[in-house]
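Encoded as structure tokens, the structure appears first; notes follow it.
The values are calculated or read from the model by the stated rules, or taken from the named source; none is laboratory data. Being a predicted model, the structure only gives us computed values, none of them experimental. Here Cβ is always computed from backbone atoms with ideal geometry, including for glycine, and neighbour counts include all displayed protein chains. Ligands, DNA and RNA are stripped out before the accessible areas are found, and what is left, the full protein with its side chains, is counted by its heavy atoms. Shrake-Rupley method; radii C 1.70, N 1.55, O 1.52, S 1.80 Å.
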Number of protein chains: 2
Amino acid sequence: MSDRRALLRWLTAAPAGLALVNLASAAAGAQDSGARNTSPQPASGAVIPNLVGAEQIAMLVYPGFTALDLVGPHFFFACLAGARVHLVSTQDNMEPVVSDLMLAVQPTTRLADLSETPDVVFVPGGSAGTLAAMRHEPTLAFLRTHGRAARVKTSVCTGSFVLAAAGLLEGKQATSHWLARESLAAFGATPVDARVVHDGDTITGAGVSAGLDMGLAVVEALRGRPYAQALMLQAEYAPQPPFVGGRPENTDPAITQMLRERSQFRASAEVIAAERR
Amino acid sequence: MSDRRALLRWLTAAPAGLALVNLASAAAGAQDSGARNTSPQPASGAVIPNLVGAEQIAMLVYPGFTALDLVGPHFFFACLAGARVHLVSTQDNMEPVVSDLMLAVQPTTRLADLSETPDVVFVPGGSAGTLAAMRHEPTLAFLRTHGRAARVKTSVCTGSFVLAAAGLLEGKQATSHWLARESLAAFGATPVDARVVHDGDTITGAGVSAGLDMGLAVVEALRGRPYAQALMLQAEYAPQPPFVGGRPENTDPAITQMLRERSQFRASAEVIAAERR
């Protein structure tokens, strides 16, 4: 267990910004990890304002979350120099949290350990695990208090249904995975068919891969466009899907129909909405 | 530790395909997790051939890997019904492997435990950790034997430099992160400025986010385009970056220059190439 504890200490103590390029290395007086060049770096504030911040970012992880929903925005958030990203387990323990596709992520803290309201609260999507999170009272209580008070409330995919179950989307425009989106209406939200939907301080993303677009939108909101464009270049985010698709409108209708028939998410979410009334 | 062991047993025993929609639920005679509808599903083989396979997919995880490089393709690979995805630690132990941005992933196995050659071998990128992996003899030995023999050898971002250090890109066309790509030439490869580069059974992707495009290309190679398009729709992969950028050509030159000045990856990789000669 001592290895485990050392790992956790490191995860919770380490600063953000150790990717291929550390934007703030000059501002913070530090060099890139792996640096060989010790000549002074030019000041970067003129090119990128808000180079160092101090945001507290809480990313919820619950059993059955979709890892790509989490890791898309995590790349951008964790590259925010000076920010602190918390991977917040909804479980009582600090065991790795297993995703819907069997990728287990080590949390850095638990819901109950976050006593101060973070600047950003993020919820990933999933399927059966998301439906369970929509009924998980400690998760809902956290969102009703710290989630509501956070400067930015954000989600990807069916994560918006967890925000909705906590009452955070009432009267708001929001999006979700195309298979589920319309059922946001059962929670008092107005579903919008868009990649990223801003409604005040609430920023929701569409299905799974929309977390990259949502993540950049949140970085822009926190630090401005030049910072977001620097991270976009660092992620080489100039997507080129190898063939057409990704939307019901541009996919073989038989494939779209097959996915629709096999998803019970909407029906189950609407049962939860009815229970709340 | 018993919780740990139970987790590992579950991770290594669970089948793929538990995402929002399980494409093979009819073929495998199983229902979606969270299913309520118990009516029989229509046969799907007519819409999507190769609905169930048996690929063994080895995704390497080394200290300092970039999590988004791994998790982009992982989504697509782990949705391949019947396939088995191994998260292969290059470390001697089974502790979570910490990414460059402090996201720790639980491996499901170790290099030494994989006795049979997998169908697919994948290497993610990173920075200082990737340079260390390029000198890590057990990693290189695995790639020289099982990597070379695998049906598909693939990488994202600077992961191609680990393939290169093992000699797998000699005489081949390949890509990498835009900041590093040209130095692939020092390892006998021909750098190509493209999102995804196919050279025979070697499929390399550009920087970080290119793992989504690469992942779909690999799924198409393994199961054909209809399966890949079904997963593209499941991931709602119809990217819409919220502003222009992602390439040196469409980003403020001052930002591009700042990133170039702060990366020592190329210089360090070329030192490793020189050591090998």
Among the residues listed as A:Pro138, A:Pro118, the single one being in contact (Cβ under 8 Å) with a residue 12 or more places away in the chain, open to solvent by less than 20 Å² (accessible area, probe 1.4 Å) and either assigned by TED's automatic domain parsing to the domain that holds A:Arg266 or part of a helix (DSSP H, G or I) (or both):
A:Pro118
Of everything in the range B:237-246, what is more than 25 Å from the chain's Cα centre (by Cα) and within 7 Å of chain A (Cβ to nearest Cβ)? Give them in sequence order.
B:Pro242, B:Phe243
When B:Gly126 is run through (1) open to solvent by less than 10 Å² (accessible area, probe 1.4 Å); (2) more than 9 Å from chain A (Cβ to nearest Cβ), the failure sits at (2)
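Matching residues to (1) crowded, with 24+ Cβ neighbours inside 10 Å; (2) within 14 Å of chain A (Cβ to nearest Cβ); (3) part of a loop (DSSP other than H, G, I, E, B):
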| position | (1), (2), (3) |
| --- | --- |
| B:Leu179 | yes, yes, yes |
| B:Gly207 | yes, yes, yes |
| B:Gly211 | yes, yes, no |
| B:Gly215 | yes, yes, no |
| B:Pro226 | no, yes, no |
Residues located in the range B:247-260, provided they are without any contact (Cβ under 8 Å) to a residue 12 or more places away in the chain, within 7 Å of chain A (Cβ to nearest Cβ) and in a helix (DSSP H, G or I)
B:Ala254, B:Ile255, B:Thr256, B:Met258
In the set A:Ile203, A:Ile272, the lone residue that is more than 7 Å from chain B (Cβ to nearest Cβ) and assigned to a helix (DSSP H, G or I) is A:Ile272
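Rundown of residues vs (1) under 12 Å from the mean Cα position of the chain (by Cα); (2) of a type outside the set (Asp, Glu); (3) outside the structural domain of B:Leu184 (by TED's automatic domain parsing); (4) under 27 Å from A:Ala128 (Cα atoms), yes/no style:
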{"position": "B:Thr66", "(1), (2), (3), (4)": "yes, yes, no, no"}
{"position": "B:Leu70", "(1), (2), (3), (4)": "yes, yes, no, yes"}
{"position": "B:Val85", "(1), (2), (3), (4)": "yes, yes, no, yes"}
{"position": "B:Val98", "(1), (2), (3), (4)": "no, yes, no, no"}
{"position": "B:Val105", "(1), (2), (3), (4)": "no, yes, no, yes"}
{"position": "B:Phe142", "(1), (2), (3), (4)": "no, yes, no, no"}
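Matching residues to (1) closer than 18 Å to B:Pro124 by Cα; (2) touching a Phe, Trp or Tyr at 6+ places or on another chain (Cβ under 9 Å); (3) more than 10 Å from chain A (Cβ to nearest Cβ); (4) among the β-branched types (Val, Ile, Thr):
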{"position": "B:Ile48", "(1), (2), (3), (4)": "no, yes, no, yes"}
{"position": "B:Tyr62", "(1), (2), (3), (4)": "yes, no, yes, no"}
{"position": "B:Thr66", "(1), (2), (3), (4)": "yes, yes, no, yes"}
{"position": "B:Gly82", "(1), (2), (3), (4)": "no, no, yes, no"}
{"position": "B:Asn93", "(1), (2), (3), (4)": "no, no, no, no"}
{"position": "B:Pro96", "(1), (2), (3), (4)": "yes, no, no, no"}
{"position": "B:Met102", "(1), (2), (3), (4)": "yes, yes, no, no"}
{"position": "B:Pro107", "(1), (2), (3), (4)": "yes, no, no, no"}
{"position": "B:Leu111", "(1), (2), (3), (4)": "yes, yes, yes, no"}
Residues within the range A:166-177 that are open to solvent by 20 Å² or more (accessible area, probe 1.4 Å) and small (Gly, Ala, Ser), tallied:
1
Looking at the range A:181-191, is at least one residue touching an Asp or Glu at 6+ places or on another chain (Cβ under 7 Å) and within 13 Å of A:Ala210 (Cα to Cα)?
no
So which of A:Ile48, A:Ile57 is buried (at least 23 other Cβ atoms within 10 Å of the Cβ) and not in a loop (DSSP other than H, G, I, E, B)?
A:Ile57
When you scan the range A:150-165, do you find a residue that is surrounded by fewer than 22 Cβ atoms within 10 Å (Cβ to Cβ), assigned by TED's automatic domain parsing to the domain that holds A:Met214 and part of a helix (DSSP H, G or I), even just one?
no
